[in-house]
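Single-structure report; data block below.
Derivation of every value follows stated rules applied to the coordinates shown; laboratory data play no part. As the structure is a computational prediction, the values presented were derived from the model and not from experiment. Don't worry about glycine lacking a Cβ; one is built from the backbone with ideal geometry, like all the others, and counts go over all protein chains shown.
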Amino acid sequence: MRRHLLLPLALLSAPLMAAEMRLTVEIPRLDVAEYHRPYVAIWLEKPDQSHVADLAVWYDLKMKDKEGEKWLKDLRQWWRRSGRSLEMPVDGISGATRAVGSHSLSFSDKDAAFKDLPAGDYRIVVEAAREVGGRELQRLSFNWPPRAAETVSVKGSHELGALSLELKP
């Protein structure tokens with residue numbers, strides 16, 4: 001009888017694997033006369049474009065009198081979906097603008113945005129807007145929780161470079 005109890009106990013003591021996601025966002029080097037780092041909003045949405053959760057907002061936090069917040073509305077899609085209802089800065093979501101290069105964000109099923117997320121199809125949306133520049137929006141579709149390791153990529157055309165989403169069950 002004792003042997004029959006050992007297997008269930010061994011299974012219970014094994015660590016549970018967590019679903020993970022890593023998003024890499026490239027801010028491209030632009031050859032322009034007046035360069036400003038872009039403001040970037042990253043959020044989670046359903047296929048019908050309904051907002052699920054904000055994941056990151058990069059903007060100029062250090063401007064006098066919170067002047068940087070005034071330009072968040074240039075991230076038009078994000079602003080309409082959730083930005084205008086937020087009181088910035090938001091702990092764990094807002095941060096400083098990023099320099100040229102690749103920047104990674106990691107999430108797991110333990111993070112607030114994914115903890116109680118029902119299984120289904122979703123999209124990560126990345127929107128960038130730059131002073132004296134343009135605006136660009138890209139979407140990466142995925143299924144949550146991931147059933148197998150998968151990478152989804154898309155290439156921006158001007159304000160965003162390569163975007164890559166790595167999923168692990």
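Phi angles across region 82-91 convert, under the Karplus curve 6.51 cos²θ - 1.76 cosθ + 1.60 with θ = phi - 60°, into 3J(HN,Hα) values of 8, x, 5, 9, 8, 9, 7, x, 10, 4 Hz, Gly and Pro given as x.
For residue 34 and residue 155, FRET efficiency with R0 = 41 Å and r from the beta-carbon atoms, rounded to 0.05? My answer for the efficiency is 0.95.
Please find, in a Gaussian network model of the chain (springs between Cα atoms separated by less than 10 Å), the residue of 44, 117, 55 whose mean-square fluctuation is greatest. Maximum among the listed residues: 117.
Projecting the Cα atoms of 75, 104, 23 onto the dipole axis of region 17-168, where Lys and Arg carry +1 and Asp and Glu carry -1 at the beta carbon, places 75 farthest toward the positive end. Of all beta bridges that DSSP places with both ends in the chain, some 95 percent have antiparallel geometry.
Highest mobility in the GNM of the chain, judged by mean-square fluctuation with C-alpha springs under 10 Å and restricted to 18, 53, 129, is found for 18. Which one, 88, 21, 63, has the greatest fluctuation when you compute a Gaussian network model over the chain with C-alpha springs under 10 angstrom? Taking springs between Cα atoms under 10 Å, the residue moving most is 63.
Working from Cα pairs under 8 Å separated by at least six residues, relative contact order for region 17-168 is 34 percent. Net length available on complete extension from residue 106 to residue 65 is 11.6 nm, with 0.36 nm assigned per residue and the Cα-Cα distance removed. Karplus-based coupling profile of region 48-58, in residue order and whole Hz: 7, 6, 6, 5, 10, 6, 8, 10, 6, 9, 9, with θ = phi - 60° in 6.51 cos²θ - 1.76 cosθ + 1.60 and x standing for Gly or Pro.
Summing charges over all other residues whose Cβ lies under 12 Å from the Cβ of residue 21, with Lys and Arg as +1 and Asp and Glu as -1, gives -2. Panel note: the C-alpha atoms of region 46-125, placed on their principal axes, show extents of 43, 26, 22 Å (largest first).
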